[in-house]
Amino acid sequence: MPKKIDHEERKVRILKTALDVFAREGYRDSNLSLIAEQCGLSRPTIYQYFKDKNEIFYYAVKLVTGRMFTRYATVAWDESCGDTIQRIEWICNDVIDEAVRNEAALQSLMDVMLQSKRDNIDFSQIIVKRTAKLTILFKRLLNAGLKRGEIRPCDIDKVSNHIFTLLEAFCFQIAFLGNFSAEDSKDFVATYLDAYRIHKG
């Protein structure tokens, strides 16, 4: 009896191999034949999952962000997870933890983006499009907290962008600096957010 293929697992394996190949060979010099060889699969098999390397990169970003946003959308509106600030802090901490857990993949992704930029291939719009949901979620949470009297009056757009920029900076540090401290970063986020909390009693 032929072995049943887990297509989602195979797709993720192709993805991880592709990111390693992109980082090692450079995005421009990589191709599906090389990725297939490294995966131990035929090129026609790779084409069953991805039409080209751009699609592989897009899938990598979509996979990571999609899973995270589904989880965050659930926590964001669950009042048993604390007040507005506590929920935003939980989301930020989870982003940091996910980035630390997936440091190697994050490094590969960043390497691909840097090499592609040198080759005049700009993936930044893909990243912006896929991560915009997080900034929007922060805005909605802050607005809800403002209406409930949990948050000080502030420029919601600016604060949301600040939170996102902090998380973005932490991801770059995780990918490129060896001395990243998750606990210090979480403390920084907590201190920043606490400045907007209305302390009652």
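The values are calculated or read from the model by the stated rules, or taken from the named source; none is laboratory data. Keep in mind that this is a model prediction, so the values were computed, not measured. Counting neighbours? That spans all protein chains shown, and the Cβs are built from the backbone with ideal geometry, glycine included. Just the protein is used for accessible areas: all its heavy atoms, side chains included, with ligands, DNA and RNA removed. Shrake-Rupley method; radii C 1.70, N 1.55, O 1.52, S 1.80 Å.
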Self-check item: Of all residues in the range 149-182 being in contact (Cβ under 8 Å) with a residue 60 or more places away in the chain, of a type outside the set (D, E, K, R) and not in a helix (DSSP H, G or I), the one that is nearest to Lys133 (Cα to Cα)
Solution: Ile151
Quiz item: Any residue in the range 130-142 that is surrounded by fewer than 17 Cβ atoms within 10 Å (Cβ to Cβ) and over 20 Å from Ala73 (Cα atoms)?
Solution: no
Quiz prompt | Qualifying residues in the range 183-194 (those that are in contact (Cβ under 8 Å) with a residue 24 or more places away in the chain and of a type outside the set (Val, Ile, Thr)) - the one farthest from Arg148 (Cα to Cα) | solution = Ser185
Quiz item: Which condition breaks for Val21 when tested against (1) part of a helix (DSSP H, G or I); (2) farther than 18 Å from Ala105 by Cα; (3) without any contact (Cβ under 8 Å) to a residue 24 or more places away in the chain; (4) among the aliphatic types (A, V, I, L, M)?
Solution: (2)
Exercise. Confirm whether Leu177 is open to solvent by 70 Å² or more (accessible area, probe 1.4 Å) and either among the hydrophobic types (A, V, I, L, M, F, W, C) or farther than 23 Å from Gly66 by Cβ (or both).
Key: yes
Quiz item: Give me the pairs: first residue in the range 127-139 and of a type in the set (Ser, Thr, Tyr), second residue open to solvent by less than 20 Å² (accessible area, probe 1.4 Å), beta-carbon distance under 7 Å, and six or more apart or on different chains, which are they?
Solution: Thr131/Thr65; Thr135/Ser160
Quiz item: Among all residue pairs at least 6 apart or on different chains, which show Cβ distances below 9 Å where the first residue, located in the range 80-96, is touching a residue at least 12 places away in the same chain (Cβ under 8 Å) and small (Gly, Ala, Ser) and the second is open to solvent by 20 Å² or more (accessible area, probe 1.4 Å) and part of a helix (DSSP H, G or I)?
Solution: none
